[in-house]
Each structure stands twice: as structure tokens, then as C-alpha cells.
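> Sharing a structure with you now.
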Amino acid sequence: MPDVSSPSSRRLLCALRNVSKHFGNIQACQDIDLELYSGEVVAVVGENGAGKSTVSKCLYGLYSPSRGHVEVNGKPVAFRNASDGEKAGIVMIPQELDLFPELSVVENIWMGLERPRYWHGAFNSSAMERRARQLLHQLGLIVDVTTPAKLLSAANGKLVEVARALNANAQVIIMDEPTASLTEREVSNLFSVVRALKRSNVAVLYITHRLEEVFEVCDRTVVLRDGKMISDRPADQETEAGLVKKMVGRPVEQLFVRHFHEIGDVVLEVEGLHSGSTFQDVSFQLHKGEILGISGLIGAGRSEIVETLFGLRDRTAGTIRLHGEVANISCVREAFDHGIGMVPEERRTLGLILPFSVKNNVTFSSLLRFTRGIFIDTAAEDKFAEKAAREVTIVGAGLDDPVSALSGGNQQKVVVAKALARNPRILILDEPTRGVDIGAKSEIYRIIDGLAKQGHAVLMVSSELNEILAMCDRTLVMREGRLVSSFDRKDFSPDEIGSAAAGVAVNPSVA
């Protein structure tokens, strides 16, 4: 990819001019003026519901502005749909992989685009494969382009989506939370790709909740709050604390305070737990009122442990005791019956039914409490859902609106509300704040803290070490399917926890 000789060679590619968007009585964004220049990476940050997705979808053509317009190369345009946006050189890569899993890599790269043909009209598959390999090579990915997309890792799937954008001759690439499901090494590789796009004069609109990424890879920062643009400044003139204050309207230290209290008796005891080859010989205790973390690298077996405890995965050996009694949990129903609730890692596929309403998602696993004979007491269901939505601060849509209309952070709150609807004594949280903004994180932390204060026991898997350090009374550390260390809060050390997860020598004290 060619390098840009200097910043002076940059040109204005597209812009939003006084753009506002309304959905009924809800104003998603208001009076947005945003310019994107060639060879520039612009971060868009803000809380969930701040208008980030709406702004990007207006730019891309998925939404038509209620007021204002989009400009491309200095000329006003009126996109009817996303296809019009792509034809104008604007391509969006969504947070969730948007590939056709059963189709090959090359077919995904050419999906929706004009394909090369032979003189007699048939598709020129050799030329398609050659172009696909060339694009992927530019992005540093060597893969058999005839491989089905479902066999790719999340990181390589992102690169295929970038390759498709380049194949569409994109001038502007919108990346929505591109690192949400990537490992640290994969994030580093993606940053290299973003820098290469910048050198090739592509503009990147980079939507992220991870503020450290802003200073790693972005040139400008745009902050949105309540649908309005709060600031548009060079990244090197901002600080993380300053961005947080602009995003939420108050300093970061006021967002969340963990309250500590007396921890009670053992409510869950795991002894010698195995699940096939995914993890072996795991033993620990969880106490009433305790928040117990599970740390470790991706693939260490953390999620597999909690899935086994919740009946989603077979237990091949070991004992589970609840309140001193042996519990044989082989399915989710049995976990429910034993007072265990869970917020799964993948909210969109495992935690929500996206076309269903907010109310129906909240109450779905607890319908028996509203059943009167063969009928559902809808008034009682409505009252319960309203109370649940208020307690976890779900905003952005009404109870009867589809949960798909909510921002990522509010969707996560719906999953939390659904788990809490059964009033579990033990709550399992698997990556509870993945892909949510700092304001939504603060709300979720407040909920978890309140549950522990009320005597609920919380078992929390998290890839964010800062989250473990801030929230947990104790943390277990997994490596390669085994529990290798345990740390009490008074002994928390980022270096030692990280060393244990990576296999560097420490003095472990296994729970």
C-alpha cells in the first residue's frame, strides 16, 4: 500500500452537514457536523445511546437523515440504502461478524459486488480468487480463499471484511467496535491494518468503547453525548479522563464506588471438576456476598467452567455442592431450580431474542410467575418488566419495542434484568461489560455491587484485568484448562495475576 507523503495531501472525502435523525418521538442525533479526510482515523466515542451508531448509519446510507444531508467529494447526496453508500465508496464493518458462514472467503469478498466474467458471461473464478489473495496479502493474511468463512477466527473474519471493503474501492471505512472479540495480539494486528489503510489514503471512522485504543491508533476524537456532538479535537490534545468526563458529564472517579461488606458462608463448592479436555481438576469455593473473579487468557477454560456450572456443558468428573448438598446439574432448568442465574458472554446469540420486545426478553425465563391457569397475567408481567427496566436503567426504547432497537449497553442490561428476574442466589457473569461504554459499565458495576451487598454470590469471568481489580473480593487464575492460582483482594497485583495467566513463575496459592 502506498504511503501518504504528508498531511497536506489529505482531501475531504465525505461529511455530515447539520444531520439530525428522529425515530418517532426519540431524537437519536441532532445537528451533527462531521468531516472525514483521506488518510485520517477518527474515533467516535460516547455512551451507549449517545448516537454513535445512528451517525455512522446516516453516513453509510442505512438511515436517511430527518434533517441535514451527507456530502461525498463536496457534493450533497441522498442515499436510499446501504448499497448506494457503498457505490459512493463508504463501507461499514459492523461489530458482529457479517460474513456468510457457509460461503468461501472469496465469495464473501465479492458478495454484492460486480464480479469479473469470461467473454461468454460466466464468472471468472480464477480472477476472483487472485484478487481475493492479493487483498488479503496486503492485510497480512495468508489463507486458502476457498475455505468456508465459518472456519475463520474472529480476527481473520474482520480482515476478510476489510478486504471486501477494499474490493468495493472504499474511500471511507466505518469500523464499529472492531476489537470487541479479539485477543491482545489480534488487536495489535488489526491496528497495523488500520495504519496501512491510513497510508493508502483511506479514511477510517473508528467507533470504540476502549478509550486506550483512541490514543493508540486515532488522529482525531469526536465525542457524542445524548445525540449531540460535544467535541471534535486532535487525539493528542485529549486525555482518557477528559474524554470520560465529556462522554458522561462527570469525572471518572464519580462513576463507580465499590462497597465492601462482610462475606458469609460457603454457598457453592466445586471439587475436582472436569469437562472433557477443556478444563481439568478445578476446585474452589464461593461465599455469600462475595464477588469471585475468574481471570486468564482467552482459551484458558474460564467460560467452560461457568457453562458447566450452569448446565450448558457436560461435567465428566468432579462434585458440585450447593449449601453443602451435592447438586447434579445437567441442564439449564436444573441450574434455575438450584437458584443459579447466568449472563452469557454472547448476549445477541445466547442472551436475547432480538425480534422480541424488551418486556418479553426480560420475562421470558420467568413466565411461570405470571401464569394464571393457561393464561398469562399480562398486567403483572408489564408491572414486573417496568420495575426491572427501571432498576437496571434500560433506556432508548419502550418495553414493547424490539430489543434489537436498543444500544449494546442497554441490550446487556436487558440480559442482566432477565437473569435477575428469577432472583438467583448465585449469579454467573461471563464478560458482563464486553462491548459496552463506560457509563453502561458503571451501571452494571452498581448492580453487581448491590447484589453482593444483598447477600447474593457472584461468579464473574472477565478478560479486563482492571475490572477484576475493581470489582472482585478474590480472583482465580486459569491457564490451559487448569486453575493455577488464587489471589485475595489485599494481595491483588496486576503483574502477578498477569504472570500467573501467562505461565510466568509465581508462588501460587490455589483455592
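The values are calculated or read from the model by the stated rules, or taken from the named source; none is laboratory data. Since we're looking at a predicted model, the values are computed, not measured. Heads up, the Cβs are rebuilt from the backbone with ideal geometry, glycines too, and the neighbour counts pull from every protein chain shown.
> Out of all the residues in the stretch 19-63, which are more than 24 Å from residue 248 (Cβ to Cβ) and within 26 Å of the chain's Cα centre (by Cα)?
36, 40, 59, 60, 61, 62, 63
> Among the listed residues 467, 496, identify the single one that is without any contact (Cβ under 8 Å) to a residue 24 or more places away in the chain, touching a strand residue (DSSP E or B) at 6+ places or on another chain (Cβ under 9 Å) and either outside the structural domain of residue 208 (by TED's automatic domain parsing) or in a helix (DSSP H, G or I) (or both).
Sole residue among the options that is without any contact (Cβ under 8 Å) to a residue 24 or more places away in the chain, touching a strand residue (DSSP E or B) at 6+ places or on another chain (Cβ under 9 Å) and either outside the structural domain of residue 208 (by TED's automatic domain parsing) or in a helix (DSSP H, G or I) (or both): 496.
> Also, I was wondering about something else. Go through 366, 303 for me and flag whichever is on the phi < 0 side of the Ramachandran plot, in contact (Cβ under 8 Å) with a residue 60 or more places away in the chain and in a helix (DSSP H, G or I).
303
> Hey, another quick one. Condition (residue is more than 25 Å from residue 105 (Cβ to Cβ), among the β-branched types (Val, Ile, Thr) and either assigned to a helix (DSSP H, G or I) or in contact (Cβ under 8 Å) with a residue 12 or more places away in the chain (or both)) applied to the stretch 223-234: is it met by at least one residue?
yes
Table: residues versus (1) closer than 19 Å to residue 136 by Cβ; (2) in contact with a Gly (Cβ under 9 Å, 6 or more places away or on another chain); (3) touching a residue at least 24 places away in the same chain (Cβ under 8 Å).
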site: 163; (1), (2), (3): yes, no, yes
site: 172; (1), (2), (3): no, yes, yes
site: 175; (1), (2), (3): yes, no, yes
site: 218; (1), (2), (3): no, no, yes
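> Let me ask another. Of all residues being within 21 Å of the chain's Cα centre (by Cα) and modelled with pLDDT of 90 or more in the stretch 192-212, which is nearest to residue 246 (Cα to Cα)? Just the residue, please.
207
> Within the stretch 39-79, which residues are among the polar types (S, T, N, Q), at pLDDT below 90 and in a loop (DSSP other than H, G, I, E, B)?
Listed by number, the list holds a single entry, 48.
> Continuing with this model, one more query. Looking at the stretch 369-382 only, could you name the residues that are surrounded by fewer than 18 Cβ atoms within 10 Å (Cβ to Cβ) and either part of a helix (DSSP H, G or I) or under 29 Å from the mean Cα position of the chain (by Cα) (or both)?
Answer for the stretch 369-382, where residues must be surrounded by fewer than 18 Cβ atoms within 10 Å (Cβ to Cβ) and either part of a helix (DSSP H, G or I) or under 29 Å from the mean Cα position of the chain (by Cα) (or both): 369, 378, 379, 380, 382.
> Is there any pair linking a residue in the stretch 109-133 that is on the phi < 0 side of the Ramachandran plot and surrounded by 14 or more Cβ atoms within 10 Å (Cβ to Cβ) to one that is aromatic (Phe, Trp, Tyr) and in a loop (DSSP other than H, G, I, E, B), with Cβ under 7 Å and at least six apart or on different chains, and which?
Sorted first by the residue in the stretch 109-133, then by its partner, the pairs are 111/100; 124/118; 128/110.
> Kindly indicate whether residue 443 is closer than 26 Å to residue 279 by Cβ and at pLDDT below 90.
Taking the combined requirement at face value, the residue does not satisfy it.
> Only one of 435, 450 is crowded, with 17+ Cβ neighbours inside 10 Å and not hydroxyl-bearing (Ser, Thr, Tyr). Can you tell me which?
Selected residue: 435, the only one of 435, 450 that is crowded, with 17+ Cβ neighbours inside 10 Å and not hydroxyl-bearing (Ser, Thr, Tyr).
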